[in-house]
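Working notes, beginning with the structure itself.
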Amino acid sequence: MALILSKKVIGADNQQERLKIANWICGFVDGEGCFSVSVIKNKTTKFGNQIFPEFVITQGAKSLTALEEIKNFFGCGRIFINKRYDNHNENLYRYCVRCLSDLENKIIPFFLENKLRTFKKKDFIIFKKVIKIMSSKKHLNKSGRNKILRLISKMNRRKKRF
């Protein structure tokens, strides 16, 4: 499905069209998106690791245009290629938003206004809490960091991580 995003749609001149795009993006994220918070080893940090939140949508090369349209809609993030060397014929592409201010000011408000419908809405709620902690710099102390670790242990279908 090709979706053309114009300034008219983004500028809210056409509310009906904007609603269609928002619903399309929510459906896309419900199927192919992820709100994740990783903990990455980094010896240069106070605690020896770094908290790394990101919003990601993954697609095959044939659907790269959809990722570009979503990136243009949000006006932030980057698209990365994950080259495949297995028996699949096409590379994967990842639209990623990692900038804390973009997550806080663009991605989170969008999904607060446009509700997810799958289990990912629970991950989003936890993700939003983590971003709030990080934005207030509480992740820089042990108490805030431990709170984040407890929260993210409940994300992504309750994988046991810590």
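Note the listed values (i) 18.5; (ii) 17.0; (iii) 16.0, then indicate which one is Kirkwood radius over Cα pairs in Å calculated from this particular structure.
After the calculation, the listed value that fits is (ii).
Apply the Karplus curve 6.51 cos²θ - 1.76 cosθ + 1.60, θ = phi - 60°, to the phi angles in region 63-70 and return the couplings in whole Hz, x for Gly and Pro.
Going residue by residue, I get 10, 4, 4, 4, 5, 5, 5, 5 Hz, with x marking Gly and Pro.
Express the relative contact order of region 20-157 as a whole percentage, based on alpha carbon pairs under 8 Å and six or more residues apart in sequence.
23 percent
Through the Karplus equation 6.51 cos²θ - 1.76 cosθ + 1.60, θ set to phi - 60°, convert the phi angles of region 39-46 into ³J(HN,Hα) values in whole Hz; use x for Gly and Pro.
My calculation for region 39-46 gives 10, 10, 4, 7, 5, 7, 9, 4 Hz in order.
Springs between alpha-carbon pairs under 10 angstrom, Gaussian network model over the chain: which of Ile152, Ile40, Ile107 fluctuates most?
Comparing Ile152, Ile40, Ile107 in a Gaussian network model of the chain, the most mobile one is Ile40.
For each of Ser153, Ser36, Ser143, count neighbouring Cβ atoms within 10 Å of the residue's Cβ, then give the residues from fewest to most. Let's see the in-between values first.
Values: Ser153 14, Ser36 17, Ser143 10.
Result, fewest neighbours first: Ser143, Ser153, Ser36.
So for Glu54, Glu113, Glu68, fewest C-beta neighbours within 10 Å to most, what's the order?
Least to most surrounded, the residues fall as Glu113, Glu68, Glu54.
Taking only Cα atoms and a 10 Å spring cutoff, compute GNM fluctuations for the chain and point out the largest among Gln59, Gln15, Gln50.
Most flexible of the set in this elastic network: Gln15.
Rank the residues Cys99, Cys26 as a footprinting-exposure proxy: fewest other Cβ atoms within 10 Å of their Cβ go first.
Cys99, Cys26
Return one number: the angle in degrees, 0 to 90 and rounded to the nearest 10, between the long axis of the Cα atoms of helix 15-32 and the longest principal axis of the Cα atoms of the chain.
Approximately 50 degrees, to the nearest ten.
No lab work stands behind these numbers, since they all come straight from the coordinates. Just so it is clear, the structure is predicted and the values come from calculations on it, not from any experiment. All Cβ positions, glycine included, derive from the backbone under ideal geometry; neighbour counts span all protein chains shown.
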